[in-house]
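Asker: The structure that follows is given in the form of structure tokens.
The values are calculated or read from the model by the stated rules, or taken from the named source; none is laboratory data. On a predicted model such as this, the values are computed, not experimentally measured, just so you know. Every residue, glycine as well, gets a Cβ built from its backbone with ideal geometry; the counts of neighbours run over all protein chains shown. Please note that ligands, DNA and RNA were not included when accessible areas were found on the heavy atoms of the full protein model with its side chains. Shrake-Rupley method; radii C 1.70, N 1.55, O 1.52, S 1.80 Å.
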Amino acid sequence: MISLRNASRWYGQVIGINDITADLPPGLTALLGPNGAGKSTLIKLITGILRPTTGSVLVFGERPFANTKVYRRLGYCPEIDGLYESMTGREFVTAMAAVSGLKGALLRKKVDEAISLVGMEAAASRVIGGYSKGMKQRIKLAQAIVHDPDVLVLDEPLSGLDPIGRRDMTNLICSLAQQGKCIVVSSHILHEVEQMTSNILLLYRGRLLASGDVYHIRSLIDKHPHRVQIETSEPRLLAAELMRFPHVVSVRFSDGSPNQVEVETKNPEAFYSQLPDVVLEGDFEITAFESLDNNLEAVFRYLTEG
Amino acid sequence: MNPPDEAQPKGLIADLSYRGYEGPLLTRRFRWWVITRNEIKLVFRNVWLLGLLVIFAYLIPGVQLYLRSFIPPEIVGERSFASYFYTGYSGSLFWLFLVALLIGAPSIAGDNRANALQILLAKPITKLDYLIGKLAAVFFILFGMSLIPALALYLFCLGSFNDQGFSKEALGILPRIIAASLLPAVVHSSVAVGVSARSKSPMVATAVYGALYIALSIVSQIASNIVVDRGGQEVATTVMHLSISGVLSGIGQHIYNAQPSFLGQPLRIWGEPLPRPELLPMVALAAALCALGITLAASHIQAVEVVRD
């Protein structure tokens, strides 16, 4: 449905994206990358808001830039949430549905369906200015799906949502993907993406770093020692217990935080399954626990630095 | 690692079977109208009260006409009915400027500020549809606010002054009313929307348009004084009208074939009745202002992201 061939986009001297070639099939594909990786630029190329400087971007086999044929079948939910704050949610979705070409009874039906799908029936008559961040995300999604597009592009749809809002939005996006739509979601948080899809495009500094199955990329990470930071009242005793495991390769204590111990393991799965037993048997009080490599930055570090 | 949720699709692709497109196949023939209607709806929620003020501008000639029935012509002077309409028209110009300031200048800037263009320009409308929609919204509102009170005065005259000769002028006045209502609507909508498209803040756009309107009036006044000092009194009136307000007033005088007056007496300048400005430079300036405004707007409509504090 979406095809990129050596697509590049420069903003003057600054590279937005550089020489990206990829095909995005039906189903859910995530654009993953830290801030400034080029995700939003890529999304703007797909939605036809920007034109590639070189290369080509095709959606349904057509160039999307200012192409109303493509826009009829495309829904876009941008990251920003300014919107028309004096309008009610229903008015906003209705206006966007009308711009998309719907009218009359069909328009009203589709608006009702879209509002219902995003769970905004109760708040649809309130002005957008009084909405929470999550409500704004939902109403933005409603305007994007109201005309039943085949391609849905969502720029950071989980940004700013609370955990319940994230779960609801994730379920909603997954259910749309199950309907056979081509959904492109951008995010800079790995575990968010993992909950939605395994198919990712990994962007870094404007380049396509990796594409494919996120679990495969995960396994690349797992080949490297994995760092876990634990905060406990007895860090040295806990470290001694953990050092008994053959997959633990090092422990380190922090000068600044005397209650912290950083453990490095070659087998994270084994470590995570054995850690509760060690804690219970030794009656350790754990006050904080963090996987230092369980984030996108770690993925990029492994992929770029080897 | 979080295992995939049961609810999510299995594998990379959920459904590879052919799926027919079920959305609307054709976009609206007049897509710009959707933008226009939406804008008008938003505007009337906020500034409809201001529209009522335009009606007050036409109350003055209404009262003058009413008094004319009781006061002998030798006291009030002989005036055509069209001149009363000009009085109402010239009085409405200030209010129309305020309306343009409040609805025209923020129209596209408001969308820029709301980041609405990112959503709108990913819909099946073109930039031209969007521009026409915005221009049309401001135009229709200003046209309506200018036309409706003038028509009300017209109906008042038709009902009350036929025996005093209004019936002879009635047919000629109607197209003049329409032309005079079109003029400020066209000029204000073009220039204000042009200014608006350049700005990412409605307040800035409003301030810029207000400053432009006032500054051009001041500059044209100063320029006309300089022209008079250099002995060019015959062109001084025309130079005095080389501004947005001046153009609207000057062309309005030609439309109604009227002189600017106060309480029935012609306004004087440098001891002489104020002459009408030359029509051609007025029309040329009005056309140039409109073209400039529309060109500015067309070249600056783009989906830029505005980050708010």
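Asker: If I stretch the segment between A:L106 and A:R63 completely, what's the gain in nm (0.36 nm per residue apart, minus their alpha carbon distance), one decimal?
Answerer: Here the answer is 12.6 nm.
Asker: Looking only at other chains, what is the average number of their beta-carbon atoms within 10 angstrom of each beta-carbon in A:88-101?
Answerer: Mean inter-chain Cβ contacts per residue within 10 Å come to 5.
Asker: At most 14 other C-beta atoms within 10 Å and a DSSP loop state: those are the exposed GluC sites (Glu not before Pro) I care about. Give me the longest piece of chain A that has none. Walk me through the numbers on the way to the answer.
Answerer: On the way: sites that count: A:E121, A:E285.
Looking at chain A, A:122-284 is the longest stretch - no exposed GluC sites (Glu not before Pro) with at most 14 other Cβ atoms within 10 Å.
Asker: Another one. Quick one: dipole size for the protein assembly as shown, taken about the Cα centre, charges +1 on Lys/Arg Cβ and -1 on Asp/Glu Cβ, in debye to the nearest 20.
Answerer: Computed charge dipole of the protein assembly as shown: roughly 2460 debye.
Asker: I'd like the carbon and sulfur percentage of the solvent accessible area for the protein assembly as shown, probe radius 1.4 Å, heavy atoms only, ligands and nucleic acids excluded.
Answerer: 59 percent
Asker: For the protein assembly as shown, what is the accessible area per residue in Å², given a 1.4 Å probe and the full set of protein chains?
Answerer: Details: 27600 Å² over 615 residues.
That works out to 45 Å² for each residue.
Asker: Interface B/A, total buried accessible area with a 1.4 Å probe, nearest 100 Å²?
Answerer: When B and A are taken together, about 4500 Å² of accessible area is lost.
Asker: What shape does region A:126-168 have by the C-alpha gyration tensor, where a ≥ b ≥ c are the square roots of the eigenvalues, rounded means a/c under 1.5, and otherwise prolate means a/b greater than b/c and oblate the rest?
Answerer: Verdict is oblate for region A:126-168.
Asker: Could you list the trypsin sites (Lys or Arg not before Pro) in region A:50-122 that lie in coil according to DSSP, counting only those with at most 15 other Cβ atoms within 10 Å of their Cβ?
Answerer: A:K103
Asker: Once Lys and Arg get +1 and Asp and Glu get -1 on their Cβ, which of B:L155, B:F81, A:W10 lies farthest toward the positive end of the dipole of the protein assembly as shown?
Answerer: The one lying farthest along the dipole's positive direction is B:F81.
Asker: Using DSSP to call loops (not H, G, I, E or B), can you name the chymotrypsin sites (Phe, Trp or Tyr not before Pro) in region B:127-226 whose Cβ has at most 13 other Cβ atoms within 10 angstrom?
Answerer: none
Asker: Return the single residue from A:G12, A:G27, A:G36 with maximal mean-square fluctuation; model: Gaussian network over chain A, springs between Cα atoms under 10 Å.
Answerer: A:G12
Asker: P(r) of the protein assembly as shown in 10 Å steps, Cα pairs, percent per bin?
Answerer: In order of increasing distance, the bins hold 3, 14, 19, 18, 14, 12, 9, 6, 4, 2, 1, 0 percent.
Asker: Strictly over 26 Å apart at the Cα level, which of A:K69/B:K127; A:K39/B:K134; A:K69/A:K140 would you flag in this model?
Answerer: Correct reply: A:K39/B:K134.
Asker: Something else now. Please build a GNM for chain A, connecting alpha carbons under 10 Å apart, and tell me which residue among A:L158, A:L292, A:L203 fluctuates the most.
Answerer: In this elastic network of chain A, the residue with the biggest mean-square fluctuation among A:L158, A:L292, A:L203 is A:L292.
Asker: Using the crude model of +1 on Lys and Arg Cβ and -1 on Asp and Glu Cβ, and no other charge, please compute the dipole size for chain A relative to its Cα centre, in debye to 20.
Answerer: 1900 debye
Asker: May I have the extent of the alpha carbons of region A:48-135 along their three principal axes, as whole Å values ordered from largest to smallest?
Answerer: So the three principal-axis extents are 45, 29, 20 Å.
Asker: Among A:G160, A:Q143, A:A177, flag the residue with its Cα farthest along the positive direction of the charge dipole of region A:127-179, charges on Cβ as +1 for Lys/Arg and -1 for Asp/Glu.
Answerer: A:G160
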